[in-house]
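A short worksheet on the structure shown next.
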Amino acid sequence: MSGAEPLYRADTTDAMLVEPLDGLTLIYHRRSGVTHMVVEPVPQILAAMGEDALTLDQLLTRLSKDFDLGDAVEAKAVLAARIDELVDLGLVDKLDGQDA
Amino acid sequence: MHEFSAQVGPAAFRIGSQWRSPVDQLAALYADYPKPEIPDFSVRLEAVSMLRRFIRPSVMIEGDYMLPDAAPLPLAQALLAAEMGMNLQMALGWRRHLLLHASAVEKDGKALIMTGASGSGKSTLSALLGQSGWRFMGDEFVLLDLESGAAVPFPRLISLKNEAIAAMEAQADAARFGPLMEGTPKGNIRHLMPPVDAIARMAEPAKPALLLFPRYGHNWAVRDVAPGETFMRMTQASTNYVALGEAGFTAMTRFIKTTPARAIDYQSGAEAVSLAEGLWEQLA
């Protein structure tokens, strides 16, 4: 399985209450009872993920349809950092990757 | 055990005391409040020890909800101990509303809510407005209804501290004040009964229409407060936001999205009243 890309899946939309609030977004996570205050691009990333399990590249493709992400290598590194933070917060699950 | 009970807004309290004097003081100050049948909370004022009860009487606050290391107070401050005990029960035990550490007054069915740290002047400002055409709703807690978002009054005794005592003595009927307690952990304290109509109408909620963050002792200034900052400050100002979970989140976000917020700096009570009334005309 080495070399398999990990998959990421956001917690279900039912599990989060999302309230945009003038420049930032509040996310109430039902499972943990924690309120998160987040700014761009976190709400956009979660919206793009929907409830699908995606690799970073698949997520990048989705985001690039709506946003100008500039340099692809740099964009992937930034996205990876944000996704890791979301995994730490419990809002996104990291799943075992599958070989294509 | 001497006993006293009173209904304050939606909450019913029973106070038990080993001494008669604090119960008599409470009964006089709460004379206008209804007597509940079944209390939500019990507070007991107990002697630190039997021996000390006679040598140097000191009061421990005991209740359904407690802080483990609350210091005892001298018997002369038992009224303060009772009030602190009642506040503690609300702060730690109330779950029926989103509880904001704030003061509020009402006009035309709409509520002006003021919040800030101790010494910000929110209590004095609500008392001053309550003497000048507004209905006093509370100087310590504002309760937000989890379904409707309405502000529910909690008009307990107004707790005046230090300079605020003289300011209100000039405004309110002398018969409505409790004893002056000097040298308490919060400085000098004197309780003031809220206006009669504030108590008579304590079951009438009001729609939040303006949120102010007053700050006493600074040059006159008004500043916009962004919703994100308001959210952070209000979650800090709520003792039960986390305990209420999703219901607290929903009530808090609705309150912040529908209520304009401003920070005001002021040097005198008259200046603060004028600032608050000006912003009310403009925004509420």
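The values are calculated or read from the model by the stated rules, or taken from the named source; none is laboratory data. Everything quoted here is computed from the prediction, not taken from an experiment. Reconstructed Cβ throughout: ideal geometry from the backbone, glycine too, with neighbour counts over all protein chains shown. Protein only, heavy atoms only, side chains kept; ligands, DNA and RNA dropped before computing areas. Shrake-Rupley method; radii C 1.70, N 1.55, O 1.52, S 1.80 Å.
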Test: B:Ala209 is more than 14 Å from chain A (Cβ to nearest Cβ), over 26 Å from B:Asn87 (Cα atoms) and buried (at least 20 other Cβ atoms within 10 Å of the Cβ): no
Condition met for A:Ala47 (out of contact with any His (no Cβ under 9 Å at 6 or more places or on another chain) and either open to solvent by 50 Å² or more (accessible area, probe 1.4 Å) or at pLDDT below 95 (or both)): yes
Failed item, numbered, when A:Asp93 is tested on (1) within 14 Å of chain B (Cβ to nearest Cβ); (2) surrounded by 13 or more Cβ atoms within 10 Å (Cβ to Cβ); (3) not in a loop (DSSP other than H, G, I, E, B): (1)
Qualifying residues in the stretch A:8-36 (those that are open to solvent by 20 Å² or more (accessible area, probe 1.4 Å) and facing another protein chain (nearest Cβ under 7 Å)) - the one farthest from B:Met232 (Cα to Cα): A:Arg30
The stretch B:271-284 residues that are within 14 Å of B:Asp224 (Cα to Cα), paired with ones that are part of a helix (DSSP H, G or I) (beta carbon under 6 Å, 6 or more apart): none
Some residue of the stretch B:197-206 being within 12 Å of another protein chain (Cβ to nearest Cβ) and within 21 Å of the chain's Cα centre (by Cα): no
A:Glu5 more than 11 Å from the chain's Cα centre (by Cα) and within 13 Å of chain B (Cβ to nearest Cβ): no
Number of positions in the stretch B:248-260 that are open to solvent by less than 40 Å² (accessible area, probe 1.4 Å) and assigned to a helix (DSSP H, G or I): 7
Scope the stretch B:101-134; condition of a type in the set (Gly, Ala, Ser), free of Cβ contacts under 8 Å to residues at least 40 places away in the same chain and surrounded by 24 or more Cβ atoms within 10 Å (Cβ to Cβ); matching residues: B:Ser103, B:Ser126
Selection status of A:Asp52, charged (D, E, K, R), open to solvent by 20 Å² or more (accessible area, probe 1.4 Å) and either within 14 Å of chain B (Cβ to nearest Cβ) or without any contact (Cβ under 8 Å) to a residue 12 or more places away in the chain (or both): no
Pairs with Cβ under 6 Å, 6+ apart, first in the stretch B:255-268 and small (Gly, Ala, Ser), second in a helix (DSSP H, G or I): B:Ala261/B:Thr230
Residue match in the stretch A:61-81 (condition: within 14 Å of chain B (Cβ to nearest Cβ) and exposed (fewer than 12 other Cβ atoms within 10 Å of the Cβ)): no
Which listed residue, of B:Ala263, B:Ala226, is surrounded by fewer than 21 Cβ atoms within 10 Å (Cβ to Cβ), farther than 26 Å from B:Met90 by Cα, within 11 Å of chain A (Cβ to nearest Cβ) and of a type in the set (Gly, Ala, Ser): B:Ala226
Number of positions in the stretch B:231-242 that are more than 9 Å from chain A (Cβ to nearest Cβ) and touching a residue at least 24 places away in the same chain (Cβ under 8 Å): 6
Residue match in the stretch B:161-184 (condition: open to solvent by 60 Å² or more (accessible area, probe 1.4 Å), of a type in the set (S, T, N, Q) and free of Cβ contacts under 8 Å to residues at least 12 places away in the same chain): no
